[in-house]
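The values are calculated or read from the model by the stated rules, or taken from the named source; none is laboratory data. Given the structure is predicted, the values throughout are model-derived calculations rather than measurements. Ideal geometry is used to build each Cβ from the backbone, glycine not excepted, and the neighbour counts take in all protein chains shown.
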Amino acid sequence: MTRILEGSQPPLIYPPYKSGALRSPTRPLIKLTRVFSDFAAPVYGYHAIGETDADLTRQHAGEPLGERLIVSGRVLDEDGRPVRNTLVELWQANAAGRYAHVVDNHPAPLDPNFTGAGRTITDDEGRYRFLTIKPGAYPWRNHTNAWRPAHIHFSIFGESFLSRLVTQMYFPADPLFPFDPMFQSVRDEAARQRMVSTFDLSLTEPEWALGYRFDIVLRGPNSTPFEERT
Amino acid sequence: MSGESSLKHVSTSDELPLVATASQTVGPFFSFGLTTNTALGRMAGPDTPGERIRLVIRVIDGAGTPVPDAMVEMWHAERAGTFLFGRLDTDPAGACAFETVFPGQVTEGAQEAAHINLCIFMRGLLRHLYTRLYFDGDPALETDAILAAVPPDRRGTLLARRDDTAPSAWTFDVHLQGDRETVYFDL
């Protein structure tokens, strides 16, 4: 029995996601059956964290527009142990669905008070916490009338490059889910739902910001490799 | 609905092992979040012992077009037990240049060729790719256990080549598809 369940990770090639056509390898990956390599060696990433790095609402002279959010959760390994002192980075669009990136030409306003990038380090219980604003949905050119559900990009290192993860956090009950090839590339329903954050009243701060919980599980060094599938 | 009632919130009652969170693409807009610190291209500090090298990574898609929006992460042993990490995004020519030292041995006395581990991210990849760079002409290539797991006709895709136009400069091409598709590893 494999520890990585069928369909819980996206395949390398998922035809509805058009950007992969010329960018996804077509030959089988070479399976390394013994973990005798330094692929499992510790990697710590980049640890210089600035004072406002985890508060995306305080990085400019004024406050960004949008619904203020607290995004918090735990980073765990597959055995449920907290992943401590690991770098968590996020980036996102502004409330209008526009990224502070030169390539983004969506005709929605930029917000001079919002960059949309943050980083922090998990504590001894594997917890992280960001203050930000809710990103807007935005169109993209994958197919006619294609829209990305609102999401926040996450990058986490964990204890080695085996646990390296880049993912996207979504918001509950987004009506765009059925139409989004990125979300749908994860074929297992339960695995898809684990990318969806949960509204959490206990994280919510009265008169200030709504709380969303997003827990993240990283592969450990003993994981069985991905099962290739179509 | 509250957090307490949600099955998605990982709790102590969840069945172990937990299932790893699904990967999603890094997308086209990561650079302002992940690669603003260009110092991460200078992996070796002034006090790092070893031969300084400049390593240019080029990323090329299945049509032979350079990929201008990839993120390349690398890490390698400086010497046994000490690792160096680097991260850059590719430029309009699909390239990024790391300054580091020639890799040392991961473990004392191991039978392995000098190598650098790479992790490749980009729009179009739903999961990142793992590959490994070796150095053309290294006599230890013959006995490296990971290279031995690669079909002989594809081993060349893992070799960085000397750039004769500059001293201590190497180039490594990451081909995503085609006849020269780079070997990627399933870990």
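May I ask you to say which residue of A:Thr57, A:Thr52, A:Thr86, A:Thr144 is under 18 Å from A:Gly211 (Cα atoms) and not acidic (Asp, Glu)?
A:Thr57
Where in the range B:91-187 are the strands (runs of 3 or more DSSP E), entirely inside, with at least 1 residues that are within 11 Å of chain A (Cβ to nearest Cβ), among the hydroxyl-bearing types (Ser, Thr, Tyr) and within 16 Å of the chain's Cα centre (by Cα)?
Per the criteria, B:129-135.
Can you name the residue in the range B:41-85 that is of a type in the set (Asp, Glu) and assigned to a loop (DSSP other than H, G, I, E, B) and, of all such residues, is nearest to B:Arg132 (Cα to Cα)?
Residue satisfying both the conditions and the ranking: B:Asp61.
Could you pull out the residue among A:Ala117, A:Ala150, A:Ala100, A:Ala93 that is in contact (Cβ under 8 Å) with a residue 60 or more places away in the chain and either under 17 Å from the mean Cα position of the chain (by Cα) or within 27 Å of A:Ala48 (Cα to Cα) (or both)?
After ruling out the rest, the residue left standing is A:Ala117.
Just to be sure before I move on: is A:Tyr170 of a type in the set (Phe, Trp, Tyr), closer than 17 Å to A:Gly97 by Cα and touching a strand residue (DSSP E or B) at 6+ places or on another chain (Cβ under 8 Å) in the structure I sent?
yes
Being among the acidic types (Asp, Glu) and within 30 Å of A:Leu110 (Cβ to Cβ) is the filter; apply it to the range A:62-92 and report the residue that is nearest to the other protein chains (Cβ to nearest Cβ).
A:Glu89
For residues that are of a type in the set (A, V, I, L, M, F, W, C), more than 7 Å from chain B (Cβ to nearest Cβ) and surrounded by 15 or more Cβ atoms within 10 Å (Cβ to Cβ), scanning just the range A:164-176, find the one that is farthest from A:Ile13 (Cα to Cα).
Selected residue: A:Phe171.
Can you report the number of residues in the range B:27-50 which are polar (S, T, N, Q) and at the interface with chain A (Cβ under 9 Å from one of its Cβ atoms)?
Total satisfying the criteria: 3.
In a strand (DSSP E or B), out of contact with any Gly (no Cβ under 8 Å at 6 or more places or on another chain) and either modelled with pLDDT of 95 or more or within 11 Å of chain B (Cβ to nearest Cβ) (or both): does that describe A:Met182?
Against the criterion (in a strand (DSSP E or B), out of contact with any Gly (no Cβ under 8 Å at 6 or more places or on another chain) and either modelled with pLDDT of 95 or more or within 11 Å of chain B (Cβ to nearest Cβ) (or both)), A:Met182 does not qualify.
Just need a number here: residues in the range A:118-149 that are crowded, with 20+ Cβ neighbours inside 10 Å and not in a strand (DSSP E or B).
4
If A:Asp188 satisfies all but one of (1) facing chain B (nearest Cβ under 7 Å); (2) surrounded by 15 or more Cβ atoms within 10 Å (Cβ to Cβ), what's the number of the condition it fails?
(1)
Here is a yes/no grid of residues against (1) within 9 Å of another protein chain (Cβ to nearest Cβ); (2) within 12 Å of the chain's Cα centre (by Cα); (3) at positive phi:
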site	(1), (2), (3)
B:Arg52	no, no, no
B:Ile57	no, yes, no
B:Asp69	yes, no, no
B:Arg79	no, no, no
B:Leu88	no, yes, no
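Output the residues belonging to the range B:53-86 that are at pLDDT 95 or above and of a type in the set (D, E, K, R).
Result: B:Arg54, B:Arg58, B:Asp61, B:Asp69, B:Glu73.
Any idea which of B:Ala140, B:Ala149, B:Ala77 is under 28 Å from A:Thr26 (Cα atoms) and free of Cβ contacts under 8 Å to residues at least 60 places away in the same chain?
Result of the check over B:Ala140, B:Ala149, B:Ala77: B:Ala149.
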